[in-house]
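The values are calculated or read from the model by the stated rules, or taken from the named source; none is laboratory data. Nothing here was measured: the structure is a model prediction, and the numbers come from that model. All Cβ positions, even for glycine, are placed from backbone atoms using ideal geometry, and neighbour counts span all protein chains on display. All accessible areas refer to the heavy atoms of the entire protein, side chains included, with ligands and DNA or RNA removed. Shrake-Rupley method; radii C 1.70, N 1.55, O 1.52, S 1.80 Å.
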Amino acid sequence: MKSVHLVCSPELIMLLSRSLEHEGYVISGKHSTLHSFISGFSSKEVDPSAIVIMEGGAGLGTPVKAADIISFMTLIRKYLKHTRLIVQLDPALQTDIEFIRTLVNMNIHDLQFTTEFQGDDLLNWIKEKKTTRDYYHILGKKKGLFSSFKGSSSRAASGAAVEEAPSAPPRPVESLTRPQPVAGSSNVADAVNRRPSVAPRSSAGSTPPRPKPPARKETPSLAEAETLESLEQSIPVEEESTPAASTRILGSNVPLVIGVCGVGGEEDVGAAAFLLAAGLAELGWKPLVCGDDRPEISSLEQIVFKGEKEDSVSTMFEYEGVTFYRRGYSWDISELLASEFTHIILWVDIHRERKGTSGLELWWNSQIPILVGNGAMWKYELLKEKLNTLNPYERKRCRLLLENGHQEVLQMLKKDFAEIQTTLMPAHQDPLYPDKAAVEWVMKLLTVQKKLFRKQTLLWGIVGTVLFVTLLLIGIGFSFVPESR
């Protein structure tokens, strides 16, 4: 017997409870605001195995802002990592693509954009579970782009394709992100212009080259307590009478996701990912780099753990201010979105299959999808062919970085593809140690500013001040000690 947890106004709780109980569901809990729902985590009032049905703006002032909802959903996902969340939202948010993209990245798929619904609709929401496929018409489908290079087995094959590109016969071009019709999909969000009712429906409803570290176990109780404590500290103070209270909750709590991949599969994407991460760290931000089966990350692991017994527990490690997800562990983007990192750089390969969510989907659903292409003049026709598989909207949303690029190629791209943001990667000896020019390039590319105070710098400043004052007081004390005769 499935249990349901309701988070909505008291009136709706009364109506919906009757409707669900009539159909055999068990109401495991009830909360009238998102604030009280999150507070219930620490008191074990929330059953993680229950389906949670909630009003997206329960207890918030009106009008409800997308950033407010994202902040609350981030806190909720931080504790209820695998719980199915059904969220009723204002229809006006249905056109906010980045809002929908963020929730889908958190594995919150059951979004219902309607303000009026009947008990029958509620049962349909539970029965018809949504997936990312249901949002292809909004976010765009991630299948088919650069299809001629998908499944390429080696760099040699890619090189052969480069040589034969001018004489290759014409072939149909299919876009990576263009949506395709999906059979059997339904849009429950069209159930509008009806008042809430209790009338229920009669019917019920690839293996890495080195051995992987052991899989992580369930979060221990101590870590869970720390998570709950941090959640409670993050809960905004509830002010029912002040509509402006919602402006205090900022969407900046959610990390900015940057997807980086190669145009043809043979580019040095790692150099771009490391350069972006190192630049962000130099600016005082806290970036995380995640990659699938990357030997470069393993090389950094060996440097970090040199002379020590290999750590089989930690899933991440830090090097020169940048945190890396270890090669032997699998990561989940919905969990990372609830982390304390400011930027998440997904180093993915859209040309290869991966377990779980495809690299193509992860890349396109990131807030800043970045393509890395070879800017050599003799490869321009191949680069142009790949970019032609994107429509103007898709090219406008992507950012293209050119390695080994020249100004002539840059000018040609701006002429042929005026809508795409193209830039040359700066020269660098080591991407993990960017110079001033490279850091400024990262600032311009990602439109970020340098943090005024880095936490580590501030900490050392406080320690130094305390030490200086202590030595000063000791010196003054010695000056007042009378000389012994």
ask   = Checking Glu361 against (1) part of a helix (DSSP H, G or I); (2) open to solvent by 20 Å² or more (accessible area, probe 1.4 Å); (3) farther than 20 Å from Val257 by Cβ, which test does it fail?
value = (3)
request  = State all residues of the range 24-45 that are more than 25 Å from the chain's Cα centre (by Cα) and crowded, with 21+ Cβ neighbours inside 10 Å; if no residue qualifies, say none.
outcome  = Tyr25, His31
note = Of the residues in the range 426-461, those that are part of a helix (DSSP H, G or I) and either open to solvent by less than 80 Å² (accessible area, probe 1.4 Å) or at pLDDT 80 or above (or both) come to Lys436, Ala437, Ala438, Val439, Glu440, Trp441, Val442, Met443, Lys444, Leu445, Leu446, Gly461
note = When the range 84-130 is checked residue by residue, the ones that are out of contact with any Asp or Glu (no Cβ under 8 Å at 6 or more places or on another chain), under 19 Å from Ile27 (Cα atoms) and either assigned to a helix (DSSP H, G or I) or basic (Lys, Arg) (or both) are Gly119, Asp120, Asp121, Leu122, Asn124, Ile126, Lys127
request  = Within the range 320-334, identify whether any single residue is within 27 Å of Tyr136 (Cβ to Cβ) and touching a helix residue (DSSP H, G or I) at 6+ places or on another chain (Cβ under 9 Å), and answer yes or no.
outcome  = yes
inquiry  = Checking the structure you have, find out if any residue of the range 120-139 is open to solvent by less than 10 Å² (accessible area, probe 1.4 Å) and under 17 Å from the mean Cα position of the chain (by Cα).
reply    = yes
query = Quick one: how many residues across the range 2-23 are among the β-branched types (Val, Ile, Thr) and either at pLDDT 85 or above or under 25 Å from the mean Cα position of the chain (by Cα) (or both)?
reply = 2
query = Does the range 85-95 contain any residue that is open to solvent by 60 Å² or more (accessible area, probe 1.4 Å) and among the acidic types (Asp, Glu)?
reply = yes
task = Go through the range 85-105 residue by residue and tally those that are within 18 Å of the chain's Cα centre (by Cα) and either closer than 17 Å to Val46 by Cβ or hydroxyl-bearing (Ser, Thr, Tyr) (or both).
result = 2
task = For residues that are assigned to a loop (DSSP other than H, G, I, E, B), in contact with a strand residue (DSSP E or B) (Cβ under 6 Å, 6 or more places away or on another chain) and open to solvent by less than 30 Å² (accessible area, probe 1.4 Å), scanning just the range 47-82, find the one that is nearest to Leu20 (Cα to Cα).
result = Ala50
query = Could we say that Glu238 is at pLDDT below 95, in contact with a helix residue (DSSP H, G or I) (Cβ under 9 Å, 6 or more places away or on another chain), assigned to a loop (DSSP other than H, G, I, E, B) and open to solvent by 50 Å² or more (accessible area, probe 1.4 Å) here?
reply = yes
The range 272-286, residues that are open to solvent by 10 Å² or more (accessible area, probe 1.4 Å) and either assigned to a helix (DSSP H, G or I) or out of contact with any strand residue (DSSP E or B) (no Cβ under 9 Å at 6 or more places or on another chain) (or both) = Phe274, Glu282, Gly284
message = Cβ-Cβ distance below 7 Å, separation of 6 or more or different chains: which pairs start in the range 5-21 with a residue that is within 16 Å of Glu45 (Cβ to Cβ) and of a type outside the set (S, T, N, Q) and end on one that is in a helix (DSSP H, G or I) and modelled with pLDDT of 85 or more?
response = Val7/Leu34; Val7/Phe37
remark   = Among residues of the range 316-338 being within 10 Å of the chain's Cα centre (by Cα) and not in a helix (DSSP H, G or I), the residue surrounded by the fewest Cβ atoms within 10 Å (Cβ to Cβ) is Asp332
query = Across the range 1-40, what is the total count of residues that are out of contact with any Lys or Arg (no Cβ under 9 Å at 6 or more places or on another chain), of a type in the set (A, V, I, L, M, F, W, C) and assigned to a loop (DSSP other than H, G, I, E, B)?
reply = 1
task = Quick one: Asn391 ticks every box in (1) within 26 Å of Ala277 (Cβ to Cβ); (2) at pLDDT below 90 except a single one, so which number is it?
result = (1)
ask   = Do we have any residue at all in the range 397-414 that's on the phi < 0 side of the Ramachandran plot, surrounded by fewer than 14 Cβ atoms within 10 Å (Cβ to Cβ) and small (Gly, Ala, Ser)?
value = no
